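Engineer: Okay, handing you the structure first.
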Amino acid sequence: MKVIITENYDEMSKKAAEIMIDLVKSNPNAVLGLATGSSPIGMYQYMAKDCKENGTSYKNVSTVNLDEYVGLTADHDQSYAYFMRSNLFDHIDIDLKNTNLPCGSAPDTNAECDRYNTLLETKKQDVQVLGLGSNGHIGFNEPGTPLDSVTHLVDLTENTIKDNSRLFSSIDEVPRQALSMGIKNIMNAKSILMVVSGKNKAEAVRGMVKGEITTALPASVLQLHPFVTIICDKDAASLL
Ligand code: GLP
C-alpha cells in the first residue's frame with residue numbers, strides 16, 4: 001500500500017486527479033471504476049477542469065460505478081447516477097453510453113446484480129476509485145461482507161444511513177438498501193486509488209493500513225492488493 005498524506009482536501013483531490021489524468025492520457029480506452037460520496041468530488045472537479053483546459057479526452061473511456069441506492073431512479077437527485085452526471089460526466093467529453101452503474105430501480109435486483117457482474121467480467125477496471133466509510137466500508141460493503149462477494153443487495157447499517165443522511169432532507173428518506181459491487185469485484189481492479197479526508201475517518205484509516213485483515217473492517221482487505229494508492233489528508237492520517 002502506498003500512502004500519500006496531504007495537507008488538506010484540495011491537495012488530496014489534485015494529486016488523485018493527476019493519477020487519473022495520467023492514466024487516461026496513457027490509455028485512452030481505460031476502464032475507470034468510479035465512486036460517489038464527498039471524498040472524490042474535488043478530484044472530479046480537477047478532472048473536469050483539465051478536460052476543458054488541456055483537452056484530455058474521455059471519448060473512448062468507459063466507467064463502472066461501485067454502487068447505487070435501491071429504489072431511486074437515475075433522475076432522483078440523490079441517486080448515484082445523478083451524482084455522477086452532475087459531478088463529472090456532464091463536464092467531460094465522455095459518451096454516456098460508456099458509463100455504467102447498477103440500476104437501483106430495476107424490478108428484479110438479483111437479475112440486476114447478475115447483469116452487473118457479467119458486465120464487470122468484460123470491463124476490468126484499470127483503476128478503481130474508492131472512498132472509505134467511517135466504519136471501514138468500501139463501496140457499500142459493510143462490516144461482515146465476505147471477501148469473495150460479488151455485486152449484491154446490501155442492507156445498509158444504521159451507521160451508514162446516519163452518515164449519508166446529511167445529503168437527504170431527513171434520515172427517513174435515506175434508502176435502507178443498495179446494490180454494491182462486492183469485495184471481489186473491487187479487488188479484481190488492476191489498481192486501486194482511495195481518497196480519504198477528515199478526522200472521522202482516522203480510526204478506519206488506521207485499521208485499514210495497520211490493522212489485521214478482517215471482514216469487520218472491509219477496507220483492510222486492500223492490504224492484499226498489489227497496487228493500492230491511498231491519498232489522505234492529515235486529519236484522516238492522524239492515527240497512523
Ligand atoms: C457511501 C458510498 C461509498 C463512500 C462512502 C464515504 O457510503 N457508498 O462508496 O466511499 O459513502 O462517503 P464520503 O466520501 O461522503 O465520506
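Bear in mind these aren't lab numbers, they're just calculated from the coordinates by the rules spelled out. None of these values were measured; they are calculated from a predicted model. Cβ coordinates were reconstructed from backbone atoms using ideal geometry, including for glycine residues, and neighbour counts include every protein chain displayed.
Engineer: Among 68, 53, which comes first, then next, by fewest other beta-carbon atoms within 10 Å?
Structural biologist: The most exposed by this proxy come first: 53, 68.
Engineer: Using just the helices of the chain, give the 222 nm mean residue ellipticity in deg cm²/dmol: DSSP H runs with n ≥ 4 each add -39,500 (n - 2.57), and the total is spread over all residues, rounded to 500.
Structural biologist: -9500 deg cm²/dmol
Engineer: Once you have all Cα-Cα distances for segment 96-151, histogram them in 5 Å bins from zero and send the whole-percent values.
Structural biologist: 4, 14, 21, 27, 22, 10, 2
Engineer: I would also like to ask the following. Treating each Cα of segment 139-240 as an identical point scatterer and ignoring solvent, apply the Debye formula and state log10 I(q)/I(0) at q = 0.15, 0.21 Å⁻¹.
Structural biologist: Here the Debye-derived log intensity ratios amount to -0.68, -1.22.
Engineer: To the nearest 20 debye, what charge dipole does segment 99-240 have about its Cα centre, counting +1 at the Cβ of each Lys and Arg and -1 at the Cβ of each Asp and Glu?
Structural biologist: Here the size comes out at about 500 debye.
Engineer: Follow-up question, since we're still on this one. So for segment 76-208, Kirkwood radius off the Cα pairs, Stokes-Einstein at 10 °C and 1.306 mPa s: how many µm² s⁻¹?
Structural biologist: Taking Rh from Cα pairs, D becomes 99 µm²/s.
Engineer: Taking 0.36 nm per intervening residue step and subtracting the Cα-Cα distance, what contour gain separates residue 29 from residue 161 on full extension?
Structural biologist: Net length gain for the segment: 44.0 nm.
Engineer: Okay, moving on. Counting just the Cα atoms, what span does the chain cover along each of its three principal axes? Round to the nearest Å and put the largest first.
Structural biologist: 44, 42, 36
Engineer: If I take every Cα pair under 8 Å that is 6 or more residues apart in segment 29-179, average their sequence separation and divide by the length, what percent do I get for the relative contact order?
Structural biologist: 28 percent
Engineer: Among 79, 149, 62, determine the one that fluctuates most according to a GNM of the chain built with springs between C-alpha atoms less than 10 Å apart.
Structural biologist: Of 79, 149, 62, the Gaussian network model singles out 149 as fluctuating most.
Engineer: Right, next: For segment 29-179, give me the percentage of DSSP beta bridges that are antiparallel, rounded to the nearest 5 percent.
Structural biologist: Bridges in segment 29-179 that DSSP calls antiparallel: roughly 45 percent.
Engineer: Further, regarding this structure: Give me the distance in nm between label points sitting 7 Å out from Cα along the Cα-to-Cβ direction at residue 171 and residue 115, one decimal.
Structural biologist: Taking the two extended label points, one gets 3.4 nm.
Engineer: When the chain is modelled as a GNM with alpha-carbon springs shorter than 10 Å, which of 165, 220, 26 fluctuates the most?
Structural biologist: Looking only at 165, 220, 26, the largest GNM fluctuation is found for 26.
Engineer: Taking Cα centroids, how far is segment 149-225 from segment 41-115 in Å?
Structural biologist: With segment 149-225 and segment 41-115 each reduced to a Cα centre, they are spaced 19 Å.
Engineer: Another question, if that's okay. What do you get when you divide the Cα radius of gyration of segment 1-101 by 2.2 N^0.38 Å, with N the number of residues?
Structural biologist: 1.07
Engineer: Work out the charge dipole of the chain with +1 on the Cβ of Lys and Arg and -1 on the Cβ of Asp and Glu about the Cα centre, then indicate which of 152, 170, 64 is farthest towards its positive end.
Structural biologist: Towards the positive end, the residue furthest out is 64.
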